[in-house]
Amino acid sequence: MSSAVCPGSFDPITNGHLDVIGRVAVQFDEVIVTVMINKNKKGLFSIDERLEMLREAVADLPNVRVDSWQGLLVDYAKANGASAIVKGLRGANDFDYELQMAQMNHKLTGVDTLFIATNPRYSYLSSSLVKEVATYGGDVADMLPAKVHERLLARLAERAAESTAASRAGDTA
């Protein structure tokens, strides 16, 4: 059985991520979408929230499962019997960054990294950019699964309310 790992932060998952995952799911018997945990980075969504959103987003792909991992990705791939790591590439900058990691990963464990070109329709998308645009009121509805979009707007509203409350508290201090 062929198995591949699709890693990322998925904070949150975008339609670009889903396009890559769906295309990879056609090529492998099993695809493990893995939320990589970086304790040094505070995400907008918790790891559990990301896992939940991912599971909802890939529910129609029976050969895709969702997991999380903290540590070396190649260790996860080996432990789960994955023969490949698959990364979507938006452009040359992604390639330059990902190539060194792919070469290091192969050196460490022999696991290959396969690159899949992002659909041009999504080549500008990144979770970071979507969050930034949404923070300033931009319309990102067609860039995310509908339920993820709802959760993003709700989280941003929570953060704005917290910021306003903190600002008011600072004014009265």
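The values are calculated or read from the model by the stated rules, or taken from the named source; none is laboratory data. In this text the structure is predicted, and so the values were computed from the model without any measurement. Note: ideal-geometry Cβ built from the backbone for every residue, glycine included; neighbour counts use all protein chains shown.
Brief remarks on what is shown
- The number of residues in segment 70-97 that are without any contact (Cβ under 8 Å) to a residue 60 or more places away in the chain and either out of contact with any Asp or Glu (no Cβ under 7 Å at 6 or more places or on another chain) or closer than 13 Å to T34 by Cα (or both) comes to 14.
- The strands (runs of 3 or more DSSP E) located wholly in segment 1-99 that include 1 or more residues which are within 21 Å of V130 (Cα to Cα) and out of contact with any Gly (no Cβ under 9 Å at 6 or more places or on another chain) occupy 3-8, 84-89.
- Some residue of segment 108-116 being surrounded by 14 or more Cβ atoms within 10 Å (Cβ to Cβ), of a type in the set (F, W, Y), modelled with pLDDT of 95 or more and not in a loop (DSSP other than H, G, I, E, B): yes
- All of (1) among the small types (G, A, S); (2) surrounded by 10 or more Cβ atoms within 10 Å (Cβ to Cβ); (3) part of a helix (DSSP H, G or I) hold for A169 with one exception: (2).
- V130 satisfies every condition listed in (1) farther than 19 Å from E49 by Cα; (2) of a type in the set (V, I, T); (3) outside any strand (DSSP E or B) except (1).
- Taken together, the residues in segment 110-146 that are within 17 Å of R90 (Cβ to Cβ), among the hydroxyl-bearing types (S, T, Y) and out of contact with any helix residue (DSSP H, G or I) (no Cβ under 9 Å at 6 or more places or on another chain) amount to 1.
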